[in-house]
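All remarks here apply to the structure that follows.
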Amino acid sequence: MVIINQKTNINITGFGIIAPIGDNALKCYKSLINKQTGIGKLRHLQTIHADEFPVGEVKHSNDELLAIAGIDKRQYPHFTRASLLAAIAVKEAIQYAKLDAGLLKTTAFISATSVGGMDKTENCFQNEAYGSNDFIYTHPCGDAADKICELYGISGYRTTLSTACSSAANAIIHGALLLQNGIVDRVIAGGVDPLSKFTLNGFNSLMILDREHCRPFDKNRNGLNLGEGAGYLVLESDKSVKMHDAAVFGRLTGFSNTNDAFHQTASSPTGEGAFLAMSQALDMAKLEPSQIDYINVHGTGTQNNDLSEGIAIRRVFGEKAPPFSSTKSLTGHALGAAAALEAVFSVMALFNQKIFPQINFTEPIEETGLFPETEVTEKHLRHVLSNSFGFGGNNSTLIFSK
Amino acid sequence: MKLFINKATAISPINSWGTENTLLNVPDASTGYFVCKEPDYKTIIDKKLLRRMSKFIKMSVANAIECLAGAGLEQPDAILTGTALGCVADTVDFLKQLNENNETLLNPTAFMQSTHNTASGQIALLLGCKNFNVTFSQKNTSFESALLQAEMMHPGNGYHNILVGGMDEITPESFQLLSQTDCFGKNVEKPYLPGEGAAFFVLSDQKSEKCLGKLEGLAFYPENISPAEIEDFLKKNNLTFNQIGLFLTGAHPHNEATMGISKFFSRENIVWFKEFCGEYDTSSAFALWLALQFLNQKIEGYERKTAEKILIHNQGSGLLHSLMLVSSC
């Protein structure tokens, strides 16, 4: 299904990110082209599994994140790790887009998360030693959005999407719809998720965490590595771009959301939801499959996802699959923030005309025979497609264009 | 904005399920909070599936099935839900396991069912519905965000009938935790009791024969809402205060900040809807269902029985207030 009443282009005028591979967009870009992984041993999250599972952790304690964000703890004592990560990424996005206080006032803020303030909840829950119930206020998914709006003087509409690992893609879609319907002219949209014992143990209980560095799309892949981070895009209508003479880094030209309707946590063997998501996004962008120059795949490294996604890619693109890579091989899987990190990477790929490589790949999956890009490639990129899939059968695809 | 509400269902602390007319009275709260009067789910949901479902999922799935059946639809063109706290029981279950088993030998079921989109995913799974499917979680405007998403999708081709739901559950543990805070408005005299509920709607671009009402306006306000803002909202819909037959508000009668608004409506035209469903962040979905009951003269035991235009105001744990305008078909 295609939304046809497009009143405006969806212009990307800014982006901000903090990820295991860097505290800002430039640092992330350098890590991506130098194949420097952010995955390693846990340092900050307190868990008995620290030595067991490599993870993509943002390399700072919460106090260090406060300093990077420039937040005074006395003034804002209740920032969880999610709010801190979001504050840092949003600040960078605002700077790129040159949004002043007046523009921020009329900007909508659309966030996404799967567990929000869970890192604080799990430490305080049933633990009288902490003696504080602050976590009850910071637990809701919507907490970070309220905090960010307060911090940066964003006084309009805000909301948070929570559709597990596809959350941030749906936040970007909701933001795009706000522009297309003329409800607002400017949106900051993306997502955040912190590492938590809750998700680490959750994915461990499902037996889909790799004890080695994850190997997306490899025949011998054995699960995912968890990650964390925050990423946000500034999306503006044509009118808003003109109004403050904003630089446009790229455009969102296609998006879709479909449901696999197969299983609560597993993807279908036919990749039906993913197939529909990619097909519908292509329809909306009025593109032929052959016009996609690069795919930033969901590519978690689990047996199930990569096979299902690979089959869906073959169904959409046939024998001539475009170059693709899973940047999760460098960042880990940041769950509700993953689509936001990868949206920022997709925009950077377009802007710099480079395909980012993935690491840890040796042999392709037999059924699909797909080879990811393992070296940085300079290429004339016009259209980049990014996939994000999640629990609950959620499949979302975004297409970014020059 | 004009969305026809062709069907609405609710599971709530009052008798809202399976009866044509609603007897509006304050429900029993011997536990210190309002719990839903739940239907016999075995008559609605496959028994094999029921066993693993939490109250949150059961309430949502039952509502979705009944709502779609009532609207004569096999599948909606989109499934949009809003929940402030999501799957509380499953989340608490997994947190307890984490603590008690010291991060070992954990059962994955609670984790798998803990994501906020579990209910909308389960509805899709049950219906085999591959269409657009999202869940919003922005405190007391979670449900309203889902309504806004519906509004934005309707102008496009293909989106004719959208299933929208708002739901939150309360458990003994979450009640105990929330009671230790001022989440239930401890700073006001006689705060509302905590509550829970799930209400679902079929929103369509075409009016059906059974149309219950029209959603004509939806707006969000940061921090607070002033009488001038309400007046402006009404003006955009070519209305004035005295054309609003009923004002349903989630504010508290003793809360000074909202006293300003309520004095624009005569006492008998105000319904403090949280007296009937309790305090929870997606109670605005219950309020919308209640408004439709009023519009269609299906309320008993309450002095003011009907109205043609109803304004709903809600506030809660978040920083936004919301307004919804509903009118007769």
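The values are calculated or read from the model by the stated rules, or taken from the named source; none is laboratory data. These numbers were taken from a predicted model, which means no experiment stands behind them. Ideal geometry is used to build each Cβ from the backbone, glycine not excepted, and the neighbour counts take in all protein chains shown. Remember, those area values only see protein heavy atoms, side chains included, never the ligands or the DNA or RNA. Shrake-Rupley method; radii C 1.70, N 1.55, O 1.52, S 1.80 Å.
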Quiz prompt | Projected label distance in nm at residue A:219 and residue A:183, using a 7 Å step from Cα toward the beta-carbon | solution = 4.9
Quiz item: Which listed residue (B:322, B:273, A:76) has the Cα farthest towards the positive end of the charge dipole for the protein assembly as shown, taking +1 on Lys and Arg C-beta and -1 on Asp and Glu C-beta about the Cα centre?
Solution: B:322
Quiz item: What are the extents of the Cα atoms of the stretch A:130-217 along their three principal axes, listed from largest to smallest and rounded to whole Å?
Solution: 47, 45, 17
Quiz prompt | Apportionment of accessible area to carbon and sulfur, the stretch B:107-162, percent (1.4 Å) | solution = 51
Quiz item: For the stretch A:200-342, with the dipole built from +1 on Lys and Arg beta-carbon atoms and -1 on Asp and Glu ones, taken about the Cα centre, which of A:267, A:240, A:323 lies farthest toward the positive end?
Solution: A:323
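If a/c stays under 1.5 just call it rounded; otherwise compare a/b with b/c (prolate if a/b is bigger, oblate if not). Do that for chain A, with a ≥ b ≥ c from the square roots of the Cα gyration tensor eigenvalues. Each step should come with its number before you reach the end.
On the way: a/c = 1.58, a/b = 1.08, b/c = 1.47.
Judged from the Cα gyration tensor, chain A comes out oblate (a/c at least 1.5, b/c at or above a/b).
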Quiz prompt | Average silhouette area of the stretch B:263-308, convex hull of alpha-carbon atoms, in square nanometres | solution = 3.6
Quiz item: Looking at the P(r) of the stretch A:84-138, how many percent of alpha-carbon pairs lie beyond 18 Å?
Solution: 51
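Using protein heavy atoms only (no ligands, DNA or RNA), what is the total accessible area buried between A and B, 1.4 Å probe, nearest 100 Å²? Don't jump to the answer; show the numbers that get you there.
Numbers: alone 15560 and 15010 Å², together 25190 Å².
Separately minus together, A and B give about 5400 Å² buried.
For the peptides A:117-124, A:173-180, A:103-110, what is the packing order when you average, over each peptide's residues, the other Cβ atoms within 10 Å and list the highest mean first?
Values: A:117-124: 23.5, A:173-180: 25.4, A:103-110: 21.9.
Top of the packing list down: A:173-180, A:117-124, A:103-110.
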Self-check item: Sequence-separation-based contact order of the stretch B:278-318, relative, with Cα cut under 8 Å and 6+ spacing, percent
Solution: 44
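Restricting to the stretch A:255-402, compute how many DSSP beta bridges are antiparallel as a %, nearest 5.
Values: 15 of 20 bridges.
Around 75 percent of the beta bridges assigned by DSSP in the stretch A:255-402 are antiparallel ones.
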Quiz item: What is the distance, in nm, between label points placed 7 Å from the Cα along the Cα-to-Cβ direction at residue B:243 and at residue A:286?
Solution: 4.0
Exercise. Mind grabbing the base-10 log of I(q)/I(0) for the protein assembly as shown at q = 0.07 Å⁻¹? Debye formula, identical points on the C-alpha positions, no solvent, two decimal places.
Key: -0.43
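Which value results for Rg/Rh of the stretch B:48-93 when Rg is the Cα radius of gyration and Rh the Kirkwood radius based on the inverse mean 1/r?
Details: Rg = 12.4 Å, Rh = 12.1 Å.
When Rh is taken as the Kirkwood radius, the ratio is 1.03.
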Practice problem: Using θ = phi - 60° and the Karplus relation 6.51 cos²θ - 1.76 cosθ + 1.60, list the HN-Hα couplings for the stretch A:374-388 in order, rounded to whole Hz, with x at every Gly or Pro. | Solution: 10, 10, 5, 10, 7, 8, 6, 9, 10, 9, 10, 10, 10, 9, 9
Quiz item: Tell me, what % of the accessible area of the stretch A:270-379 is carbon and sulfur with a 1.4 angstrom probe?
Solution: 51
Exercise. Using the Kyte-Doolittle scale, find the helices of chain B whose mean hydropathy is at least 1.0 and whose Cα atoms extend 15 Å or more along the helix's long axis, counting only whole DSSP H runs.
Key: B:283-295
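Take the Cβ-Cβ distance between residue B:231 and residue B:254 as r, set R0 to 25 Å, and report the resulting FRET efficiency rounded to the nearest 0.05.
Details: r = 24 Å, r/R0 = 0.95.
Efficiency for this residue pair is about 0.60.
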Quiz item: Across the residues of B:125-132, average count of Cβ atoms on other protein chains within 10 Å?
Solution: 6
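Within the set A:328/A:354; B:42/B:210; B:235/B:309; A:73/A:147; B:214/B:236, which residue pairs have Cα atoms separated by over 20 Å? Intermediate results must be reported in sequence, preceding the final value.
Numbers: A:328/A:354 17 Å; B:42/B:210 27 Å; B:235/B:309 14 Å; A:73/A:147 13 Å; B:214/B:236 16 Å.
From A:328/A:354; B:42/B:210; B:235/B:309; A:73/A:147; B:214/B:236, over 20 Å: B:42/B:210.
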Quiz item: Which whole DSSP H helices in chain A pass both tests: a Cα extent of 15 Å or more along the axis and a mean Kyte-Doolittle value no lower than 0.0?
Solution: A:81-97, A:167-180, A:272-285, A:338-352
Exercise. Give me a single rounded figure for B:218-229: the average over its residues of other chain Cβ atoms within 10 Å of their Cβ.
Key: 2
Quiz item: Mind checking the dipole of the stretch B:65-136: about its Cα centre, +1 per Lys or Arg Cβ, -1 per Asp or Glu Cβ, Debye to the nearest 20?
Solution: 100
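How many percent of the alpha carbon pairs in the stretch B:1-147 exceed a separation of 26 Å?
On the way: 3347 of 10731 pairs.
The answer is 31 percent, as a whole percent.
Mean residue ellipticity at 222 nm from the helices of the protein assembly as shown, using -39,500 (n - 2.57) per DSSP H segment of n ≥ 4 over the full residue count, to the nearest 500 deg cm²/dmol?
Working: 25 runs with 240 residues, N = 731.
Here the helix-only value at 222 nm equals -9500 deg cm²/dmol.
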Practice problem: Taking the Cα centre of the protein assembly as shown as origin, work out the dipole magnitude from +1 charges on Lys and Arg Cβ and -1 charges on Asp and Glu Cβ, in debye rounded to 20. | Solution: 1040
Quiz item: Measuring from label point to label point, each 7 Å out along Cα→Cβ, what is the residue A:353 to residue B:49 span in nm?
Solution: 5.2
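How much length is gained if the chain between residue A:127 and residue A:35 is pulled fully straight, taking 0.36 nm per residue apart and subtracting their Cα-Cα distance, in nm to one decimal? Walk me through the numbers before you get to the answer.
Values: separation 92, 0.36 × 92 = 33.12 nm, distance 4.11 nm.
The residue A:127-residue A:35 span can extend by a further 29.0 nm.
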Quiz item: Taking the Cα atoms of the stretch A:233-375 alone, what are Rg (to one decimal) and Dmax (as a whole number) in Å?
Solution: 16.0, 53
Quiz item: Amide H of residue B:299: which non-local residues (sequence gap of 5 or more, or other chain) have their own amide H closer than 5 Å, using H built in the peptide plane?
Solution: B:22
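Assuming 0.36 nm per residue, please report the length gained on full extension of the stretch residue B:26 to residue B:267 beyond their Cα-Cα distance.
Values: separation 241, 0.36 × 241 = 86.76 nm, distance 1.83 nm.
Length gained, residue B:26 through residue B:267: 84.9 nm.
Given the stretch B:136-290, what whole percent of its Cα pairs are spread farther than 29 Å?
On the way: 2661 of 11935 pairs.
Tail of P(r) above 29 Å: 22 percent of Cα pairs.
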